[in-house]
């Protein structure tokens with residue numbers, strides 16, 4: 001499973017959803033869905049935009065978590 005650390009990065013860097021919206025063009029609805037884990041089909045272009053505005057590496061934003069079956 002891929003975990004997205006958008007909420008944590010936004011808090012650490014004091015960046016609002018409105019600022020991400022302005023700088024990336026992503027809708028605030030999409031940003032909210034990503035934060036709440038409800039938007040699971042995220043394009044690489046979106047990941048790139050988020051990393052750019054958050055000034056972070058992809059591994060700071062995304063984390064692979066193995067699910068034990």
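Where a number appears in this text, it was derived from the coordinates with a stated rule and is not lab data. This one's a predicted model, so the numbers in the text were calculated from it and none came from an experiment. Virtual Cβ from ideal backbone geometry, glycine too; neighbours counted across all protein chains shown.
Over all pairs of distinct alpha carbons, what does the Kirkwood formula give as the hydrodynamic radius of the chain, in Å? Provide the component values of the computation, followed by the final result.
Values: mean 1/r = 0.0816 Å⁻¹.
Computed over the chain, the radius equals 12.2 Å.
Could you put 46, 18 in order, starting from the residue whose Cβ has the fewest other Cβ atoms within 10 Å? Write down the numbers at each step before the final one.
Values: 46 17, 18 10.
Ordered by Cβ neighbours within 10 Å, fewest first: 18, 46.
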Between the modelled labels at residue 49 and residue 28 (7 Å from Cα along Cα→Cβ) the distance in nm is 1.6 nm
For the chain, the longest principal axis of the Cα atoms and the Cα long axis of helix 44-54 enclose an angle in degrees, to the nearest 10, of 60 degrees
